[in-house]
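J.: Sending over a structure as C-alpha cells; questions will come in a sec.
The values are calculated or read from the model by the stated rules, or taken from the named source; none is laboratory data. From a predicted model like this one, the values you see are computed outputs, not experimental measurements. So basically every Cβ, Gly included, is an ideal-geometry build from the backbone, and we count neighbours across all protein chains shown. Note: areas computed on protein heavy atoms with side chains; ligands, DNA, RNA excluded. Shrake-Rupley method; radii C 1.70, N 1.55, O 1.52, S 1.80 Å.
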Amino acid sequence: MRLLLIEDDDRIAQPLTEGLGRYGFTVDRVRTGAAGLADAAARPDLVLLDLGLPDMDGLDVCRSLRARSPVPIIMITARGEEADRVAGLELGADDYMAKPFGVRELVARIRAVTRRTGALPAGPSAPDAPPTVPAPQRLGPLQIDRRTRLVRLDGREVALSPREFDLLAHLAQDPGAVHSRRQIMDTVWDPHFFGPTKTLDAHVAALRRKLGDPGWITTARGVGFRLTVPGDPPPEAAR
C-alpha cells in the first residue's frame, strides 16, 4: 500500500516514514502542498496531510485533492482545535489526528479508513490478516489469554486496561528476563512514541496494584523491569 506523506518537518516525517515502513507501507514524502498535489497524480492509496505547510494551507491542499480524486485523506497536524477538525472533515478529509500521536495509532486509523473507503488491497498480504494467537499462558496462579485478552489470578479475572494487558503480555513473553525501558516502550507503545517515558512507570505501578503483590514485576535498577512469580527463587543477577 503506497502512502503519500505531505509534511515539511523532517523531525516528524523521518521517524513516521520509518515507522510506517515497519508495518509494510511504502511512503512517498514531499515537503510542500504544491509537490503533494503534483505527486497525487500518481494515485497513492492514501494521503497523510499536514496542515502547516510552508507554501500553502493544508486545508487548501485537502480541498484541491478532494476536487480531483476520492483518495482517502488523513490530516496529521498540531492544530487540535475543534474548529480545525471540523473544517478539515467538512472539506473531505476522512480522519483527523492531532500531534502528538504514535505510529501504531496512525496505522490503526489508516486501516480503518481504507476499510471504510474500500481502498484496502485485497489478497493474503493485506495487513489485517489475523495473526496466530498462542494458547493461554500460565505463570503460577497467573493466567494470560492473548486470544481473549483476559487475565486471571487464582481463577479471578483481573480488569486491565488495553495498555496494561499489552505490558503484562510483553513481560510474560520471557519471564525472569530483564526487559529494558526502551525495548518496552518500542514494543508496547511505539518505536516513535511522542510523550513522557514516565507513563511506563505509571503502568507498572498500576499492574503491581492490580496483581496484588509488587513482587510480580521487579525493577532492574537503571535497566528496566522483569516479570517474576512471587515466592519463586530470584533470577541470577545479571553480570
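J.: Please give the per residue accessible area of the chain, computed with a probe of 1.4 Å over protein heavy atoms only, in Å².
T.: In whole numbers, the chain has 52 Å² accessible per residue.
J.: Hey, another quick one. Which is the longest part of the chain that has none of the GluC sites (Glu not before Pro) sitting in a DSSP loop with at most 13 other Cβ atoms within 10 Å?
T.: Here the longest segment lacking exposed loop sites spans 82-235.
J.: Based solely on its DSSP helices, what 222 nm [θ] is calculated for the chain when runs of n ≥ 4 H residues each add -39,500 (n - 2.57) and the sum is averaged over all residues, nearest 500 deg cm²/dmol?
T.: Result for the chain, helices only: -10500 deg cm²/dmol.
J.: Something else about it: What distance in nm separates the two pseudo spin-label positions at residue 41 and residue 97, each 7 Å out from Cα along the beta-carbon direction?
T.: Inter-label distance under the simple model: 2.9 nm.
J.: When log10 I(q)/I(0) by the Debye sum over Cα atoms at q = 0.09, 0.11, 0.12 Å⁻¹ is calculated directly from the model, which label among [x] -0.37, -0.54, -0.64; [y] -0.50, -0.69, -0.78; [z] -0.33, -0.51, -0.61 fits?
T.: Computed from these coordinates, log10 I(q)/I(0) by the Debye sum over Cα atoms at q = 0.09, 0.11, 0.12 Å⁻¹ corresponds to label [y].
J.: Additional query: For the chain, what does the relative contact order come out to in percent, with C-alpha contacts under 8 Å and a separation of six or more?
T.: For the chain, the relative contact order is 13 percent.
J.: Counting only protein heavy atoms and a 1.4 Å probe, tell me what percentage of segment 1-120's accessible area is made up of carbon and sulfur.
T.: Here it works out to 48 percent.
J.: How charged is the neighbourhood of residue 161? Take every other residue with its Cβ under 13 Å from the Cβ of residue 161, and add Lys/Arg as +1 and Asp/Glu as -1.
T.: Computed value for this residue: +2.
J.: Here is a follow-up. Between residue 209 and residue 135, 0.36 nm times their residue separation minus their Cα-Cα distance comes to what?
T.: 24.1 nm
J.: Sticking with this structure for a sec: Under a crude label model (7 Å from the Cα following the beta-carbon direction), how far is residue 199 from residue 150 in nanometres?
T.: Roughly 2.9 nm, to one decimal.
J.: Full extension from residue 163 to residue 219: what is 0.36 nm times the residue separation minus their Cα-Cα distance, to one decimal in nm?
T.: Length gained between residue 163 and residue 219: 18.3 nm.
J.: For segment 1-106, with only Lys/Arg (+1) and Asp/Glu (-1) charged at the beta-carbon, what is the dipole magnitude about the Cα centre, in debye rounded to 20?
T.: Rounded to the nearest 20 debye, it is 320 debye.
J.: In whole Å, what is the distance between the alpha-carbon centres of segment 143-159 and segment 67-85?
T.: 39 Å
J.: Would you please give the FRET efficiency between residue 60 and residue 23, computed as 1/(1 + (r/R0)^6) with r the Cβ-Cβ distance and R0 = 41 Å, to the nearest 0.05?
T.: 0.90
J.: Multiply the residue separation of residue 78 and residue 32 by 0.36 nm, subtract the distance between their alpha-carbon atoms, and state the gained length in nm to one decimal.
T.: Roughly 14.9 nm would be gained on extension.
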